[in-house]
Structures are given as C-alpha cells and as structure tokens.
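The values are calculated or read from the model by the stated rules, or taken from the named source; none is laboratory data. Note that the structure is a prediction, hence the values are computed from the model and not measured. Backbone-built Cβ (ideal geometry, glycine too); neighbour counts: all protein chains shown. Remember, those area values only see protein heavy atoms, side chains included, never the ligands or the DNA or RNA. Shrake-Rupley method; radii C 1.70, N 1.55, O 1.52, S 1.80 Å.
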Amino acid sequence: RHKVLSQNIANSDTPNYRPSDLRQQNFLQAMKEANSRQPLALTQPNHLRPVSPQTTFAVDKEKKPYETSLSKNGVVLEEQMMKMTQNQSDYTLNAELYNKYTAMSKMVLRGGQ
C-alpha cells in the first residue's frame, strides 16, 4: 500500500492522473474461501483448520475523486498523507504484535525463564 500511495503523491502534478489505493480485505470472505477448498484431515476434533497465507491485493482507481485540480488531477495531498500515516500506524501495530508473540513463544520454549 505504501508503494501505491507513494505513486499517487509522486504523480500529484500529472494531468488527468487518478489516485489509486488497495481494495479493503474482507476477513469473513477470505475465511469462507479458505474453508471452501479441500480441507486437511483433522486428527483431533479440537484442532483448527489451517488458513492459506495466499492473499490477493487489488489496486482500485478512484472513479470520482473528492476534488480535482484544473489539470483534472484527482490527487489530494492531504488525503494521501493521512492514508500514509494510517498505513504506518497499521504496520507499527502489526510489528509490535508480532514481536510480543515471538517473545511469548520464546518464553514458553525456555520454560518460563
């Protein structure tokens, strides 16, 4: 997403350019698609089915931008910067959660020391 938003900012002066963004992922739909594939055999009834790590991201062009310039450019820099900030916050949160998870796993493997 960072790459797509950076391209929007880089093309903020390009005539007739329409900004792009990644399509939001629908978690419920992804789970339904994962469960519709051939499930693995479960050896215990309390085991969870594995989720496929393959996700597809689609880039959408904005059809009706919020505002356009005289050159018909639809990039609003303030909006793109807000999206970049949100993207950075999401990344930081995910990285911190991953670090906590690995720290807890290491603690369990060491026997709680």
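Give Arg110, Arg37 a once-over and let me know the one that is over 22 Å from Val4 (Cα atoms), of a type in the set (Lys, Arg), surrounded by fewer than 10 Cβ atoms within 10 Å (Cβ to Cβ) and at pLDDT 75 or above. If you could, list the steps in order and put the result at the bottom.
On the way: Arg37 fails: at pLDDT 75 or above.
Among Arg110, Arg37, only Arg110 is over 22 Å from Val4 (Cα atoms), of a type in the set (Lys, Arg), surrounded by fewer than 10 Cβ atoms within 10 Å (Cβ to Cβ) and at pLDDT 75 or above.
Does Lys83 fit the bill of being open to solvent by 50 Å² or more (accessible area, probe 1.4 Å), modelled with pLDDT of 90 or more and either part of a loop (DSSP other than H, G, I, E, B) or basic (Lys, Arg) (or both)? Step through it out loud before you land on a result.
Working: open to solvent by 50 Å² or more (accessible area, probe 1.4 Å): no; modelled with pLDDT of 90 or more: yes; either part of a loop (DSSP other than H, G, I, E, B) or basic (Lys, Arg) (or both): yes.
Considered against the rule, which asks whether it is open to solvent by 50 Å² or more (accessible area, probe 1.4 Å), modelled with pLDDT of 90 or more and either part of a loop (DSSP other than H, G, I, E, B) or basic (Lys, Arg) (or both), Lys83 comes out as no.
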Which number in (1) under 21 Å from the mean Cα position of the chain (by Cα); (2) open to solvent by less than 90 Å² (accessible area, probe 1.4 Å); (3) at pLDDT 75 or above marks the one condition that His2 misses? (2)
Gln54 vs. criteria of a type outside the set (Lys, Arg), open to solvent by 60 Å² or more (accessible area, probe 1.4 Å) and at pLDDT below 80: yes
